[in-house]
Every structure is written in structure tokens, then in C-alpha cells.
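Q: Take a look at the following structure, please.
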Amino acid sequence: MQERDAARKSNPEPAAEIKQLAVLDWDDCVRDEKGMTYQLLHNALAITARESEASPLSRAVAQLNKRMQSGLPATDSAPLLMKTQEDFTKHLMVRHHIFSPKIARDFVDKMLPELGKEEAASLAERIHANFKEQYNRSIGKGGPIEKNGVPFPHCEPKLLPGAKELLDKICTPDSRVAVISNRDHDDFSGEVKHMNLLEKVDVISGSTRREKMPEDLQKRIVSALRGDDREVARRTLIEARCYAHPDSNSQSTGRMHIKPDPTRLNRVLEQLKVGKEVPIISYGDQLSDVKQMAGLAKEGWKVKGVIINSQNPDVGKDINVDGIPTAVIDSMKKIDL
């Protein structure tokens, strides 16, 4: 966790005077994660192809560019990166399990089916390595982002429409703002700092890998997967899911308290000394952003949720999420400020 900068902390309000806590998700709630991923992966393709100009990847990228310039819509069998940025975003907003390594591999498998399994995996890893390097550069880690010969030379983290207005509105002396993300904490905090938003936020909490998976659980996973009892396997995998993140190439098995696990939210409440009488509203693009408050709802806390996702089937409705009244909207600009 990281508190807002010293200037904002120098005169903290007493806990009794806090009138509201706003809890925000980061990716695709405040920051345009899908749009940036799309642009950086296209840039990574161009960079990787340029590293070996006569490679099959160079021909595949040329084919990709030609198809996209034609204006024809991508077919269902086409790689995800052949979609427009808008369609790419819509597609992934209801497929939260698809991350950048898988998108890179999707391109290689569909555009270069003649490659062997190991060669395809190696190429996808090279593309993703360039993606990660350009991402780090975009948030001020390392040199400047590559601008020559790439389709998106000005790619950088951007706020989604309406995010700045919401932050300006909720950042008041008698409110507190926490941003809780499943993104790696180092990347996440780097983005917030790079975008000059530290003064808007009291606490930021990204995922960490502080706790290793117990050896007993590792053994039970192996046993469950080899056995015939699907229910035992299901329960064991649910128990283990907080020890790994799908957007990581690392083999690390650390516990990260992934939402809807309430651990990090509870730490925020403790750190900010938020009492049960303080209304809490959580904003995010997924149900898990609201479900992290389920325990508080059962205890009688004043909690509300807002899901911002244009592809959610309940857009325009007020729904109940684990006992939490929740509004579903298609844009942060629809929030009544």
C-alpha cells in the first residue's frame, strides 16, 4: 500500500470526520488498460519483426497491416490484434482471462501455423518481452519508448473518459480514496506516479507475492488433478487460485490476495481508520470489484457498487451483488457527479 504524497497527508482529518470512502479499480476503470495493451502489442510486433527482417514474422506483420488498412472487419478466426482497437476492447471486456502473453501467442499461432510448438512459443515470448520493455519505458522505467517504425509512436498510459472528473469530485478533505488493483504493485504504483495522480489517492494497493503456496496444498493439487473426483479438484483449484496471476510469466507461487478476496480492502479500512458509519462505494469493471465488500455488507456496513463496463448485459440496471446494491453503467461519464 502507498499513501498519497506528504503534502496531502500533512494535515489528516480525524477518522470521525470522514464522510465517504471511494474504492476504485485501476485497469479499465481509471486507466485504459485494453487500449494501451492493444497499441503496445502492435508496436512489439513491429519491433520484433524488425529484429529479423527476413523472418516469417515480418511477412505476417506485413499481412496484418495490409488487412487492417483495407478496413475490412476481422473474421472470427483472425488473431485478436487484427480487430480494431474498439472491437478488441469490447471483446476483452467480457473475457477477463485473456492477458497479453496469450494475445501474443494467439497472433503467432493464427498467422504462422507452420511453426513448430517450441518455435512458436519462443517467438511469442520474444514479442511479449518487447511488449514488456515498451510498457516499462512508457511509465518512465528505462529509456524513451520506441517511436520509429511502429504504428503507435505516442503510446502512453491514459485515463478513461470521465475518470479525471470523478477523481476531482471525490478528492475532498472529508473523503478518502483508495485504488485496489490485481496488477503487480510495482507496475501499478509506477503508473499512478507517472500519471501524476498520487495527490488524488490516499492509498494504492497492488498485488504482491509475499506468501508462498504451502507444500501441502501443492501436493493436494497434484493429487486432485490426477484423481477422478471433479468436485475435489474444483475446490482445490479455488483454494489455490490466489497464489498465481494469469498475467505473469514467472513461475513464482506467491499469495497475492486477488479480488474479490477482501484482505487488501480490510487493510485499507484499518490504515485509513474508516469506521462502520462511513459510506463506501466501489467502482470497477468486474463483479469482483464489488464482491470484495460482501463481508462488509453482511456486517451491516453502508456499501454500494458501480460497475462500469459497456459489454455487461445489465447495463442501465440496478442489480444486487452479494447483498450490495450496484449500478451498472457503460461509461464513467454516466456517473452522476
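The values are calculated or read from the model by the stated rules, or taken from the named source; none is laboratory data. No experiment lies behind these values; they were computed from the predicted model shown. Cβ sites come from the backbone with ideal geometry, for glycine too, and all protein chains shown count toward neighbours.
Q: Looking for something more than 17 Å from Trp26 (Cβ to Cβ) and of a type in the set (Lys, Arg) - is there at least one such residue anywhere in the stretch 301-309? Talk me through it step by step, then tell me what you get.
A: Step one: filter the stretch 301-309 for residues more than 17 Å from Trp26 (Cβ to Cβ), giving 301-304.
Next, only the ones that are of a type in the set (Lys, Arg) stay: 302, 304.
Taking every residue of the stretch 301-309 in turn, at least one turns out to be more than 17 Å from Trp26 (Cβ to Cβ) and of a type in the set (Lys, Arg).
Q: Scan the stretch 97-109 and tell me whether some residue there is surrounded by 13 or more Cβ atoms within 10 Å (Cβ to Cβ), over 17 Å from His42 (Cα atoms) and at pLDDT below 95.
A: No: the stretch 97-109 contains no residue that is surrounded by 13 or more Cβ atoms within 10 Å (Cβ to Cβ), over 17 Å from His42 (Cα atoms) and at pLDDT below 95.
Q: Does Ala104 count as in contact (Cβ under 8 Å) with a residue 40 or more places away in the chain, small (Gly, Ala, Ser) and assigned to a helix (DSSP H, G or I)? Step through it out loud before you land on a result.
A: On the way: in contact (Cβ under 8 Å) with a residue 40 or more places away in the chain: yes; small (Gly, Ala, Ser): yes; assigned to a helix (DSSP H, G or I): yes.
Yes, satisfied.
Q: With the condition kept exactly as written, say whether any residue in the stretch 143-153 is surrounded by 15 or more Cβ atoms within 10 Å (Cβ to Cβ) and at pLDDT below 95.
A: yes
Q: Check Lys259 against each of (1) at pLDDT 95 or above; (2) crowded, with 18+ Cβ neighbours inside 10 Å; (3) assigned to a loop (DSSP other than H, G, I, E, B) and name the one condition it does not meet.
A: Every condition holds for Lys259 apart from (1).
Q: Identify, by number, the condition in (1) surrounded by fewer than 17 Cβ atoms within 10 Å (Cβ to Cβ); (2) in contact with an Asp or Glu (Cβ under 8 Å, 6 or more places away or on another chain) that Gly284 doesn't meet.
A: The failed condition is (1).
Q: Against the condition over 15 Å from the mean Cα position of the chain (by Cα), among the hydrophobic types (A, V, I, L, M, F, W, C) and modelled with pLDDT of 95 or more, how does Leu72 come out, does it pass?
A: When the stated conditions are applied, Leu72 does not pass them.
Q: Please go through the stretch 305-321 and give me each residue that is surrounded by fewer than 17 Cβ atoms within 10 Å (Cβ to Cβ), touching a Pro at 6+ places or on another chain (Cβ under 9 Å) and within 17 Å of Gln292 (Cβ to Cβ), ordered by number.
A: Ile319, the sole residue that qualifies.
Q: Here's another thing I want to ask about it. Given the conditions (1) surrounded by 19 or more Cβ atoms within 10 Å (Cβ to Cβ); (2) over 29 Å from Thr263 (Cα atoms), which single one is not true for Arg137?
A: With (1) surrounded by 19 or more Cβ atoms within 10 Å (Cβ to Cβ); (2) over 29 Å from Thr263 (Cα atoms) applied to Arg137, the lone miss is (1).
Q: Taking Ser248 as the residue in question, decide whether it is modelled with pLDDT under 95 and either β-branched (Val, Ile, Thr) or exposed (fewer than 14 other Cβ atoms within 10 Å of the Cβ) (or both). Walk me through it before giving the result.
A: Values: modelled with pLDDT under 95: yes; either β-branched (Val, Ile, Thr) or exposed (fewer than 14 other Cβ atoms within 10 Å of the Cβ) (or both): no.
Against the criterion (modelled with pLDDT under 95 and either β-branched (Val, Ile, Thr) or exposed (fewer than 14 other Cβ atoms within 10 Å of the Cβ) (or both)), Ser248 does not qualify.
Q: Suppose the filter is at pLDDT 95 or above and among the small types (Gly, Ala, Ser); does Ala15 pass it? Show your work before the answer.
A: Working: at pLDDT 95 or above: no; among the small types (Gly, Ala, Ser): yes.
Here the answer is no, as Ala15 does not meet what is asked.
Q: I'm told Phe131 meets every condition in (1) outside the structural domain of Ser55 (by TED's automatic domain parsing); (2) touching a residue at least 60 places away in the same chain (Cβ under 8 Å) except one. Can you identify the failing condition by its number?
A: It is condition (1) that Phe131 fails.
Q: Looking only at the stretch 17-66, which residues are touching a residue at least 40 places away in the same chain (Cβ under 8 Å), assigned to a helix (DSSP H, G or I) and under 30 Å from Val303 (Cα atoms)?
A: Glu17, Lys34, listed by residue number.
Q: I would also like to ask the following. Working only within the stretch 67-87, note down all residues that are part of a helix (DSSP H, G or I) and without any contact (Cβ under 8 Å) to a residue 24 or more places away in the chain.
A: Arg67, Met68, Gln69, Ser70, Met82, Glu86, Asp87
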